[in-house]
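To start, the structure itself, in structure tokens.
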Amino acid sequence: MAPDKLTPKDLRPFADIGTSVEVIEAGFMLTSNERPITVSRENAGYEVSADGQTRRYTSAGAVLASPVFADLSKVARNQVALLAPKRMIGRPVPITCQMKVVEGRVPGWSNQVKPWESLNDWLRDVPSSRRPGGTDFLLIDGPAGVGKTTIVREAALSRAESYDGSAPLILQVVSRGRVLQNIPDLIAFALQDVRSNLTVNQLIVLMRHGLVTLAIDGFDELSDPNGFETAWSGLNGLIEEARGSATLLLAGRETFVSTDTIRKQLSSFSANRDRLAALSLTDPDPDAARAWLLEQDGWSHTLLDKEFVEPIFDSGSFALRPFFLHLISLEPDALASDELPASDLLTYLVDTMTRREATKFVEALDPPDGSEATAKYELYVGRFLEEVARDLAENQSEAINDDALDLLARVAADGLLPDDQIAAVAQRARTVVFLANDLRAGDVRFAHEQLQQHFLAREALRSVGEGEIPRYVRRNLFGREALDVFGHVARGKGEEANRFLIAVRKQLASPSRDRTSINLAVLGVAAACAVVLKDADLQIRDIGIGELHFPFAAPDGISFRGTTISILYAAGADLQNVHFNDGVVIVTLEIDARTLLPSPIPLPQILVGPEGTTADGSVIRGTLSPEGVVNDPTKFVWSESLAELLGRIDRYRAFWLRTNIDDTDPPGRRIIAHPDWDRVFAALKEFDLVTVRNRQASGAWAAFVHFRKDISLVEHPDLYRKLMPSGVEG
């Protein structure tokens with residue numbers, strides 16, 4: 001239950017600077033906004049006198065929410081104005097929501113079609129069973145693009161629209177592109193966005209009385225050069241200050257906001273009075289995704305059954321992420337031609353939409369060279385969006401105003417388009433499909449964060465490869481999603497990626513005092529996994545890395561020494577060729593059944609695996625031992641050569657493999673060039689474990705292969721007997 005009495009501690013943040021709250025016989029006196037205010041206790045509640053008027057309130061919370069103090073009705077109206085333009089229309093992508101109760105008894109979860117309605121119901125039921133003086137935590141975890149931000153935003157909008165004081169407002173705080181190192185800054189920016197005059201200390205009072213629910217979206221992005229110590233320390237302090245009737249939502253990746261991590265990092269968490277629950281969001285299953293697409297304009301069974309379309313909706317595909325699925329839903333024509341999708345679905349969609357945008361420019365401007373100008377305008381669209389992505393990263397913002405956008409549109413056109421076309425092109429630039437109106441009137445942002453990451457990756461490859469170190473590389477942070485996108489972009493730009501790696505090696509030889517070495521190290525790892533066939537020659541020394549991600553199998557030549565890694569993502573990764581030398585510390589390691597680790601590897605402090613998260617040293621040691629399941633997930637004993645090839649195939653399942661060795665990408669070349677490829681390929685075809693399409697590519701006919709993703713190749717008994725006829729099952 002919320003505190004039913006006001007204290008000087010509650011009112012002090014509302015008093016003017018240099019003044020104090022005076023305790024009188026009947027209540028309190030203070031000066032706020034240069035006006036005297038008297039708060040008197042009554043049997044039925046409180047009486048507040050200000051500006052020559054006296055009003056009665058039934059509770060302490062009603063006093064604090066009133067126009068005299070926080071004026072939460074005005075905050076609610078501002079929230080509606082801010083959030084309504086981004087309201088979700090229609091049935092959302094059908095993600096899966098699973099609630100797990102960890103500490104205490106909390107209300108049940110009702111799975112509604114719109115998950116934010118379920119969240120609202122859950123939050124509405126929470127206060128009735130709260131323990132005295134307890135704080136309630138809900139962790140919302142899920143992969144990038146699954147809808148964490150959307151669910152919290154829609155719940156906040158619903159609360160604001162129906163606000164009458166009976167249920168708390170939800171304040172969603174996000175970084176909006178900034179690199180932040182403390183929670184108060186994050187809250188202050190959120191209050192600024194809703195045009196509230198509230199201070200952080202005043203908000204803490206409102207949380208204590210159950211008037212505002214704080215939702216920290218992207219909590220895993222609140223880091224500092226030493227890892228995430230500042231974020232956890234700040235949250236501990238916030239919880240202690242807000243104790244009374246507070247509810248906090250923490251949204252992020254399970255690696256960072258797991259229940260075990262909460263227990264380990266939150267010294268302020270009390271199992272005797274606090275409650276903890278976790279809501280896990282996962283992608284829709286393929287059938288649900290197809291059914292949802294068929295409800296969207298332009299989609300039909302005929303389109304979904306096309307030979308290169310159907311496999312991209314297999315279980316585990318990037319297409320099932322709500323972000324990608326939503327993009328695909330807007331572009332049915334992108335798949336109607338039945339062209340082979342690129343190895344990276346995001347790149348494929350971006351390239352398709354870029355060509356369409358270039359055609360629109362040609363149709364609207366009618367340049368003298370007609371249709372021949374399409375390629376030139378396609379180059380322009382990409383260059384323009386790379387400039388926009390760089391500007392946003394440089395300024396640590398996710399939106400840009402019209403004047404800056406016009407300047408970038410002209411810069412991108414300079415030297416590429418005729419002078420007499422630049423003004424018209426710049427005027428039309430903000431209408432490209434990749435950009436959308438921001439919450440702030442007149443500002444423009446990327447339609448999705450991963451679109452921004454895609455174009456920033458292209459810009460980073462080019463600028464660093466040309467010898468420049470942009471400001472965002474010197475001071476920003478690159479998380480897992482950004483590194484994953486970067487790796488996929490590098491995979492499709494081999495020449496630029498190799499130039500980038502040359503520059504990275506040179507820069508790492510001279511350590512920097514800012515974040516240059518840290519960022520180039522993690523970006524270099526991603527690029528090396530994408531394009532290096534043999535020796536990456538990437539030596540990383542004496543730095544502290546926040547997040548390290550291997551988007552593809554690691555080549556030889558990547559080594560670490562004297563390096564602290566806050567989070568190492570090794571789920572689905574082959575790190576057997578990586579060398580972890582003296583002085584390497586891994587705080588958190590994420591693995592799954594497909595992970596292949598080198599031996600030896602430093603034991604992490606926290607291990608995230610298929611069975612959950614643990615900080616138990618003996619469990620971690622047993623899991624990562626040579627006898628553990630990580631490096632041997634099968635029940636069959638394969639030869640070293642076949643196990644290596646099947647592992648490469650397993651990590652290629654998301655892509656179409658071009659079997660022409662001169663036309664495929666580096667990871668595909670490692671498969672095609674393997675000495676056992678021919679007989680493995682024959683066996684895969686025999687047991688219907690691949691989809692094969694023959695198409696003309698780069699002037700020659702070649703087979704395009706898509707491996708089955710719904711079964712494990714290394715656990716397939718017929719495949720084992722075929723390839724290891726004299727082997728013995730383990």
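The values are calculated or read from the model by the stated rules, or taken from the named source; none is laboratory data. What you are looking at is a predicted structure, and each value in this text was computed from that prediction instead of being measured. Note: ideal-geometry Cβ built from the backbone for every residue, glycine included; neighbour counts use all protein chains shown. The protein model used for the area step is the full one, side chains on, heavy atoms only, and it has no ligands, DNA or RNA in it. Shrake-Rupley method; radii C 1.70, N 1.55, O 1.52, S 1.80 Å.
Structure values in brief
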{"read-out": "Hey, residue 75 over 30 Å from residue 438 (Cα atoms) and surrounded by 15 or more Cβ atoms within 10 Å (Cβ to Cβ) or not", "value": "no"}
{"read-out": "Search result, residues across segment 585-618 that are surrounded by fewer than 20 Cβ atoms within 10 Å (Cβ to Cβ) and either among the aromatic types (Phe, Trp, Tyr) or in contact with a Pro (Cβ under 6 Å, 6 or more places away or on another chain) (or both)", "value": "592, 593"}
{"read-out": "Set 68, 63, 75, 48: member being of a type outside the set (Asp, Glu) and over 19 Å from residue 34 (Cα atoms)", "value": "75"}
{"read-out": "Qualifying position, being of a type outside the set (Phe, Trp, Tyr) and closer than 23 Å to residue 169 by Cα, among 19, 7, 31", "value": "7"}
{"read-out": "Any hit, segment 29-36, residues being closer than 26 Å to residue 132 by Cα, touching a residue at least 24 places away in the same chain (Cβ under 8 Å) and open to solvent by less than 40 Å² (accessible area, probe 1.4 Å)", "value": "no"}
{"read-out": "Pick from segment 644-671, criterion within 12 Å of residue 704 (Cβ to Cβ) and of a type outside the set (Gly, Ala, Ser), ranking: most open to solvent (accessible area, probe 1.4 Å)", "value": "658"}
{"read-out": "Residue tally, condition among the small types (Gly, Ala, Ser), in contact (Cβ under 8 Å) with a residue 40 or more places away in the chain and either open to solvent by 70 Å² or more (accessible area, probe 1.4 Å) or within 30 Å of residue 132 (Cβ to Cβ) (or both), over segment 80-120", "value": "1"}
{"read-out": "Selection from segment 134-147 of residues that are open to solvent by less than 30 Å² (accessible area, probe 1.4 Å), touching an Asp or Glu at 6+ places or on another chain (Cβ under 9 Å) and not aliphatic (A, V, I, L, M)", "value": "134, 135, 136, 137, 141, 142, 145"}
{"read-out": "Helices (runs of 4 or more DSSP H) fully within segment 453-517 counting 1 or more residues that are over 20 Å from residue 218 (Cβ atoms) and out of contact with any helix residue (DSSP H, G or I) (no Cβ under 9 Å at 6 or more places or on another chain)", "value": "494-508"}
{"read-out": "Residues located in segment 184-202, provided they are part of a helix (DSSP H, G or I) and open to solvent by less than 40 Å² (accessible area, probe 1.4 Å)", "value": "186, 187, 190, 191, 193, 200, 202"}
{"read-out": "Pick from segment 398-424, criterion modelled with pLDDT under 85 and assigned to a loop (DSSP other than H, G, I, E, B), ranking: farthest from residue 377 (Cα to Cα)", "value": "398"}
{"read-out": "Residue in segment 536-551 that is most open to solvent (accessible area, probe 1.4 Å), counting only those that are part of a loop (DSSP other than H, G, I, E, B) and under 23 Å from residue 669 (Cα atoms)", "value": "551"}
{"read-out": "Residue in segment 436-457 that is over 28 Å from residue 328 (Cα atoms) and either buried (at least 24 other Cβ atoms within 10 Å of the Cβ) or modelled with pLDDT under 85 (or both) present", "value": "no"}
{"read-out": "Residue selected from segment 467-498 under the condition of a type in the set (A, V, I, L, M) and without any contact (Cβ under 8 Å) to a residue 60 or more places away in the chain, by the criterion most open to solvent (accessible area, probe 1.4 Å)", "value": "469"}
{"read-out": "Looking only at segment 95-125, and only at residues there that are in a strand (DSSP E or B), in contact with a Ser or Thr (Cβ under 9 Å, 6 or more places away or on another chain) and of a type outside the set (S, T, N, Q), the one that is nearest to residue 270 (Cα to Cα)", "value": "103"}
{"read-out": "Failed criterion for residue 533 (all others in (1) under 23 Å from the mean Cα position of the chain (by Cα); (2) open to solvent by 30 Å² or more (accessible area, probe 1.4 Å); (3) among the aliphatic types (A, V, I, L, M) hold)", "value": "(1)"}
{"read-out": "Qualifying residues in segment 375-388 (those that are among the hydrophobic types (A, V, I, L, M, F, W, C) and surrounded by fewer than 24 Cβ atoms within 10 Å (Cβ to Cβ)) - the one farthest from residue 416 (Cα to Cα)", "value": "375"}
{"read-out": "Condition met for residue 166 (among the hydroxyl-bearing types (Ser, Thr, Tyr), touching a helix residue (DSSP H, G or I) at 6+ places or on another chain (Cβ under 6 Å), assigned to a loop (DSSP other than H, G, I, E, B) and modelled with pLDDT under 95)", "value": "no"}
{"read-out": "Single residue of segment 552-597 satisfying the filter (part of a loop (DSSP other than H, G, I, E, B) and charged (D, E, K, R)) that is nearest to residue 612 (Cα to Cα)", "value": "592"}
{"read-out": "Test for residue 52: is it on the phi > 0 side of the Ramachandran plot, touching a strand residue (DSSP E or B) at 6+ places or on another chain (Cβ under 8 Å) and either free of Cβ contacts under 8 Å to residues at least 24 places away in the same chain or open to solvent by 10 Å² or more (accessible area, probe 1.4 Å) (or both)", "value": "no"}
{"read-out": "Scan of segment 604-620 for residues that are assigned to a helix (DSSP H, G or I) and polar (S, T, N, Q), ordered by number", "value": "618"}
{"read-out": "Identity of the residue in segment 218-254, modelled with pLDDT of 75 or more and among the charged types (D, E, K, R), that ends up surrounded by the fewest Cβ atoms within 10 Å (Cβ to Cβ)", "value": "240"}
{"read-out": "Residue within segment 578-585 that is farther than 25 Å from residue 144 by Cβ and free of Cβ contacts under 8 Å to residues at least 12 places away in the same chain present", "value": "no"}
{"read-out": "Selection status of residue 144, modelled with pLDDT of 85 or more and of a type outside the set (D, E, K, R)", "value": "no"}
{"read-out": "Any chance residue 69 is within 14 Å of residue 12 (Cβ to Cβ), in contact with a Ser or Thr (Cβ under 8 Å, 6 or more places away or on another chain) and in contact (Cβ under 8 Å) with a residue 40 or more places away in the chain", "value": "yes"}
